[in-house]
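Step one of this worksheet: look at the structure below.
The values are calculated or read from the model by the stated rules, or taken from the named source; none is laboratory data. Treat the numbers as computed from the prediction; the structure is a model and nothing was measured. No Cβ is skipped: glycine too gets one built from the backbone with ideal geometry, and neighbour counts run over all protein chains shown.
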């Protein structure tokens, strides 16, 4: 049956179905390092006690600020949480999603991977860091979608990142709300 031919089945009545709000308000970033002759390793940061998710091992993530694109927010969050600019930055061909019952909304979270060339510079948000192979890093993450996306990033690093997913270096260094021009 075509959509335009919707009919009500015998014994059923039509009801208006309300859907929860869908929002894009935060981003996930999976920082990694490529060591010669080995599998990629992923950076996990342990959240400081007394902060949201205190004690948990997490990847980089945060809110999209007004006027930012998702990828700009991801680069800004990476720099804020690690003190590092990406050597290579790309979007994952999938998103993280979850439902918040308290707000009746579905969160759609763009996900990115970022190669960084050095250990992070920790700030008050994080107490420790670890570089781990994909399987071990994924096992430490609390949320299933984050584990899935980290494993996807690892697979793409092994098999090859499609060129259309890579955000060009000139875009990363262009003057934007999160970079200075002088």
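Every residue, every condition in (1) more than 29 Å from residue 160 (Cα to Cα); (2) modelled with pLDDT under 90, yes or no:
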| position | (1), (2) |
| --- | --- |
| 29 | no, no |
| 48 | yes, no |
| 55 | yes, yes |
| 64 | no, no |
| 115 | no, no |
Taking only the stretch 78-98 into account, find how many residues are surrounded by fewer than 18 Cβ atoms within 10 Å (Cβ to Cβ), in contact with a strand residue (DSSP E or B) (Cβ under 6 Å, 6 or more places away or on another chain) and closer than 18 Å to residue 53 by Cβ. 1
Restricting attention to the stretch 136-153, the residues that are without any contact (Cβ under 8 Å) to a residue 60 or more places away in the chain and closer than 16 Å to residue 35 by Cβ number exactly 1
Select from the stretch 29-75 the residues that are within 11 Å of the chain's Cα centre (by Cα) and assigned to a strand (DSSP E or B) and list them in ascending order. 29, 30, 31, 58, 60, 61, 62, 63
Mind listing just one residue for me: the one in the stretch 169-182 that is surrounded by 10 or more Cβ atoms within 10 Å (Cβ to Cβ) and in a loop (DSSP other than H, G, I, E, B) and, of those, modelled with the highest pLDDT? 174
Please find, among 138, 153, the residue that is surrounded by 17 or more Cβ atoms within 10 Å (Cβ to Cβ), touching a helix residue (DSSP H, G or I) at 6+ places or on another chain (Cβ under 7 Å), modelled with pLDDT of 95 or more and assigned to a helix (DSSP H, G or I). 138
Need the failing condition index for residue 16 against (1) in contact (Cβ under 8 Å) with a residue 24 or more places away in the chain; (2) over 13 Å from the mean Cα position of the chain (by Cα), just the number. (1)
Over the stretch 33-54, the set of residues over 18 Å from residue 80 (Cβ atoms) and touching a residue at least 24 places away in the same chain (Cβ under 8 Å) is 33, 34, 39, 40, 41, 42, 49
